[in-house]
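The structure under discussion appears below in the form of structure tokens.
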Amino acid sequence: MGSPLEGIKILDFSIAVAAPFGGTMLADMGAEVIKVERVQGEAQRLGLPAGMDDVLDTSIVDKMPDKADWMAFNRGKKDLAIDIRTEKGKEIVLKLAKEVDVVLQSFRPGVAERLGIGYEDICKINPKVIYCSFSGYGETGPVAHRAGGDMWSQAMSGMVSVMGYPGGAPSMLPFPACDHVGGMLVAYAIMTALFVRERTGQGQSITVNNLDAALYLQFSGFAEYLTGERVPYKSGRGYGTPPFGPFRAKDGDVLTIFGTGPMWPDFCKVVGVEHLANDPKFKTDEARHENREEIGRLLDEVFSQKTRAEWQQIFREAKMRCDPCLTYEEVCANPQLEANDMIYTAQHPTRGEVKMLGLPVKLKNTPGHPQGPSPVLGQHTGEILLGLGYKAEDIAELEAEGVIRTAPKKA
């Protein structure tokens, strides 16, 4: 049997992280994804923020290597370098849109419509199309018109308000988690809509936004807040009551989850701080939460006396658990990743051998797999236009006019 999404075609106008990641997840499952990119290249190729595309030219893109995250979020796609603001460019993408299953875009609300490639425009020529729009904050509302992004979503969703230590400096997640989950929701939304179309024959317009994705990352926190059970707070080390959380061992960090409630005295005995078991400042979960910074410092000092392996053995003998917090280097060397087939290696046209994460979802009968590395700018433009019936001389003329780009980077 083939790949799960073999035969599904997607026209991907999206940029940056979230929506392209969703497109790549579908490409990993076998969908043919055509990335529509400006002729001067996408700013994110070079690690520049969205919105800087107009300051780029192809000579800059040719001289600088694609960034690792851009390659990861666009692996397995075909690249069509084209100026869709021109009539000839729009004509080409509308020809493509007529025959695809899905259109994916991440323009700010209203931009696709002004370009003539909004849902109503595409639906007229392709009534069964699944049209997915990704935005920063949603289609309507007081800030819908603003450009979004992971950092803005972390700030607006309440995430920053519950990170870090009480009274300390504010902090953010060190990676774009909101963008990542936004991409997953894009793939989830498109797959759901494809399933509905399979059952009913009807296409539809769907929307996903980064703010909602950030809220979903805090699903349990908002569940407690909205039912009035608990107001989230800055907890420093994590979301549990000490000794639930990470501590500093001699050779790295360790994570413990035992020791709350009635297990506190047992925990104190295992780590050799029996004198803290009945200390009024730490005796109950509530007291340890109130004095979490102090107990955290004390336990850091205790755990720093032994290595992670030593603590693992001590906790194991006590029928409790203490696991190491691995660094990226340690994670990638861990045999569990090899067992899970989670490191993928590809041969990139300009970067050579590149590694990235594999698929976290394994279908036993129809497995997906990365469809190859990310494309270089304009790598598939000629192939795509030939497939639409354009002749070689037509393609050369369009490139001379600046409507398209076909010349890939040289290895």
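The values are calculated or read from the model by the stated rules, or taken from the named source; none is laboratory data. These numbers were taken from a predicted model, which means no experiment stands behind them. Positions of Cβ are backbone-derived with ideal geometry, glycine not excepted, and every protein chain shown enters the neighbour counts.
Got a number for residues in the range 161-206 being surrounded by 15 or more Cβ atoms within 10 Å (Cβ to Cβ), touching a Phe, Trp or Tyr at 6+ places or on another chain (Cβ under 8 Å) and not in a helix (DSSP H, G or I)?
4
Does any residue of the range 214-234 turn out to be surrounded by 15 or more Cβ atoms within 10 Å (Cβ to Cβ), in contact with a strand residue (DSSP E or B) (Cβ under 9 Å, 6 or more places away or on another chain) and on the phi < 0 side of the Ramachandran plot?
No, because not a single residue in the range 214-234 is surrounded by 15 or more Cβ atoms within 10 Å (Cβ to Cβ), in contact with a strand residue (DSSP E or B) (Cβ under 9 Å, 6 or more places away or on another chain) and on the phi < 0 side of the Ramachandran plot.
Return yes or no: is ASN340 surrounded by fewer than 11 Cβ atoms within 10 Å (Cβ to Cβ), within 23 Å of LEU5 (Cβ to Cβ) and out of contact with any Lys or Arg (no Cβ under 7 Å at 6 or more places or on another chain)? Full working, then the answer.
Working: surrounded by fewer than 11 Cβ atoms within 10 Å (Cβ to Cβ): no; within 23 Å of LEU5 (Cβ to Cβ): yes; out of contact with any Lys or Arg (no Cβ under 7 Å at 6 or more places or on another chain): yes.
So ASN340 does not fit the description; no.
Yes/no per residue for (1) touching a residue at least 12 places away in the same chain (Cβ under 8 Å); (2) of a type outside the set (D, E, K, R); (3) under 22 Å from LYS9 (Cβ atoms):
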position: SER374; (1), (2), (3): yes, yes, yes
position: GLN379; (1), (2), (3): yes, yes, yes
position: ILE384; (1), (2), (3): yes, yes, yes
position: GLY387; (1), (2), (3): no, yes, yes
position: LYS391; (1), (2), (3): no, no, no
position: LEU398; (1), (2), (3): yes, yes, yes
position: GLU401; (1), (2), (3): yes, no, no
position: ILE404; (1), (2), (3): yes, yes, yes
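Just a yes or no: is a residue in the range 244-253 hydrophobic (A, V, I, L, M, F, W, C), in a strand (DSSP E or B) and touching a Phe, Trp or Tyr at 6+ places or on another chain (Cβ under 6 Å)?
Yes, because at least one residue in the range 244-253 is hydrophobic (A, V, I, L, M, F, W, C), in a strand (DSSP E or B) and touching a Phe, Trp or Tyr at 6+ places or on another chain (Cβ under 6 Å).
Here are the criteria: (1) modelled with pLDDT under 95; (2) surrounded by 22 or more Cβ atoms within 10 Å (Cβ to Cβ). Tell me which single one SER133 does not satisfy.
(1)
Could you identify the single residue in LYS128, LYS124, LYS95 that is part of a loop (DSSP other than H, G, I, E, B) and more than 24 Å from the chain's Cα centre (by Cα)?
Answer to the selection: LYS128.
Search the range 159-210 for residues being free of Cβ contacts under 8 Å to residues at least 60 places away in the same chain and aromatic (Phe, Trp, Tyr), and hand back the single one that is nearest to ASN291 (Cα to Cα).
Only one residue fits best here, namely PHE175.
Pick from the range 136-160 the residues that are more than 20 Å from ALA223 (Cβ to Cβ) and in contact with a Leu (Cβ under 9 Å, 6 or more places away or on another chain): which of them is surrounded by the most Cβ atoms within 10 Å (Cβ to Cβ)? Give the steps one after another, and end with the answer.
Filtering the range 136-160 down to residues more than 20 Å from ALA223 (Cβ to Cβ) leaves 136-152, 155.
If we keep only those that are in contact with a Leu (Cβ under 9 Å, 6 or more places away or on another chain) too, we end up with 136-138, 143, 148, 150, 152.
Numbers: GLY136: 23, TYR137: 22, GLY138: 17, VAL143: 12, GLY148: 27, ASP150: 24, TRP152: 18.
Residue satisfying both the conditions and the ranking: GLY148.
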